[in-house]
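Before I ask anything, here is the structure I am working with.
No value in this document is a laboratory result; all are computed from the given coordinates. Treat the numbers as computed from the prediction; the structure is a model and nothing was measured. Quick reminder, even Gly has a Cβ in these numbers, built from the backbone with ideal geometry, and neighbours come from all protein chains shown.
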Amino acid sequence: MAMRDRSFEERAAMDYSQIVQSSSFQHLMREKKNFILPSTLFFLVFYFALPILTSYSNVLNASAIGPISWAWVFAFAQFIMTWALCTIYSKRAAKFDEIVERIKQEAKEGGNM
């Protein structure tokens, strides 16, 4: 059956299955996983450390700067951490987008993926 005789859905399904199996797509998924999993784990540990440490220990009750305790410093650090992770992710997402564009170009050309 010629390519133009197939329906759009059949061509899209065929193209997607080829794309998913390509080394470029596998590389993209590996890169994303290697970034997203550690950063998410770090975020969750850092985020839940404050309520856990303040509820079940006195570690953060000590004075850091004058009347400001370490709990307040840690809470402020969470804002900094959130902005930092957002910035890092935005820059990394641009690299992911470049890889996606390369994959799309390879699929359009029908070349070796």
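If Lys and Arg each add +1 and Asp and Glu each add -1, what is the summed charge of the other residues whose beta carbon sits under 13 Å from the beta carbon of residue 28?
That works out to +2.
Determine, from the Cβ-Cβ distance of residue 56 and residue 84 and an R0 of 35 Å, the FRET efficiency 1/(1 + (r/R0)^6), rounded to the nearest 0.05.
0.85
Rounded to the nearest 0.05, what FRET efficiency is calculated for residue 97 and residue 44 with R0 set to 25 Å and r the Cβ-Cβ distance?
The formula returns an efficiency of 0.45 here.
Using modelled amide H (1.01 Å from N, peptide plane; none on Pro or chain starts), what sits under 5 Å from the amide H of residue 64, excluding residues fewer than 5 places away?
69, 70
Quick check on the exposure proxy: order 106, 31 from fewest to most C-beta atoms within 10 angstrom.
The most exposed by this proxy come first: 31, 106.
Over the Cα atoms, compute the radius of gyration (one decimal) and Dmax (the largest Cα-Cα distance, rounded to a whole number) for the range 19-107, in Å.
Calculated on Cα positions, Rg and Dmax stand at 19.3, 61 Å.
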